[in-house]
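Below is one structure; the comments refer to it alone.
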Amino acid sequence: MEQAGIEKKKRDYKPWLITVLVYELLLGNRKITGGGAGPRLVKEHKQKLTEALASILQRHGASCAMELLPESERQSVALPKYARVNTFKSSVDDVVQTLVAAGWQETGYETFLQAIDTDAKRSQRSAPNARLSATPRENAEKVPTVPISQVFARDSHLDDVLLFPPGALLKHDDPLLTSCQLRLQDKARSILISCPILLCSSASHLPASGNGCFQ
């Protein structure tokens, strides 16, 4: 962002939002939906940001951003699945209770992230789907006794977003998804929908007529 001339300008906005938008543009869905001052700033610098990334890749002899990571981390990066609760149809607590009744177990945020990262590394040694272990900063009561593929956690930044493991058993025909109470959605888009600066300029946060599903 510094090379593209956007680093100093982002201080006039929510810095974390600009960072997420740049990530979404260059490494995520490679497009930005919605309006607002933040997205306009990033869109205006799209060409410079793209050129800056290309320059960094060339300087390091890399063909993609993943190759910029240390060798030991390239195969062990584990990103969770994100799901946004449609609060027009249900509440976060009700969705959590439904998941628990279906055999899922909720765990703490930090324990969850550590667990999926550890599981990704362990998978390389042919021991996938291990169970969780507690971290010093979380109560042991939060540590579930089920395989990692059956746990979830609440996001620490967005109250209506839940995290699931990369290999989660949550299927597209799950009742929570088909009833539009829950939608699989990357965190960047969830942040855009939740950001007050975009609330009036983007219709993507509104329920569709008739069924209340997110668009």
Exercise. Residues being assigned to a loop (DSSP other than H, G, I, E, B), modelled with pLDDT under 90 and surrounded by fewer than 19 Cβ atoms within 10 Å (Cβ to Cβ): count how many of those fall in the range 160-184.
Key: 7
Quiz item: What are the residue pairs meeting all of these: first residue in the range 85-96, first residue small (Gly, Ala, Ser), second residue in a helix (DSSP H, G or I) and surrounded by 14 or more Cβ atoms within 10 Å (Cβ to Cβ), Cβ atoms under 9 Å, and 6 or more apart or on different chains?
Solution: Ser90/Thr98; Ser90/Leu176
Quiz item: From Ile6, Ile32, which residue is in contact with a Pro (Cβ under 8 Å, 6 or more places away or on another chain) and part of a loop (DSSP other than H, G, I, E, B)?
Solution: Ile32
Self-check item: Leading residue by the ranking (surrounded by the fewest Cβ atoms within 10 Å (Cβ to Cβ)) among those in the range 19-30 that are farther than 14 Å from Ala52 by Cβ and aliphatic (A, V, I, L, M)
Solution: Val20
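Quick grid of which residues meet (1) surrounded by 17 or more Cβ atoms within 10 Å (Cβ to Cβ); (2) more than 20 Å from the chain's Cα centre (by Cα); (3) charged (D, E, K, R):
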position	(1), (2), (3)
Lys8	no, yes, yes
Trp16	no, no, no
Gly36	yes, yes, no
Thr50	no, yes, no
Ile56	no, yes, no
His60	no, yes, no
Exercise. State whether one or more residues within the range 68-90 are in a helix (DSSP H, G or I), among the β-branched types (Val, Ile, Thr) and modelled with pLDDT of 90 or more.
Key: no
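The values are calculated or read from the model by the stated rules, or taken from the named source; none is laboratory data. Since the model is a prediction, treat every value here as computed from it, not as a measurement. Because the Cβ atoms are built from the backbone with ideal geometry, glycine has one as well, and the counts that use them run over all protein chains shown.
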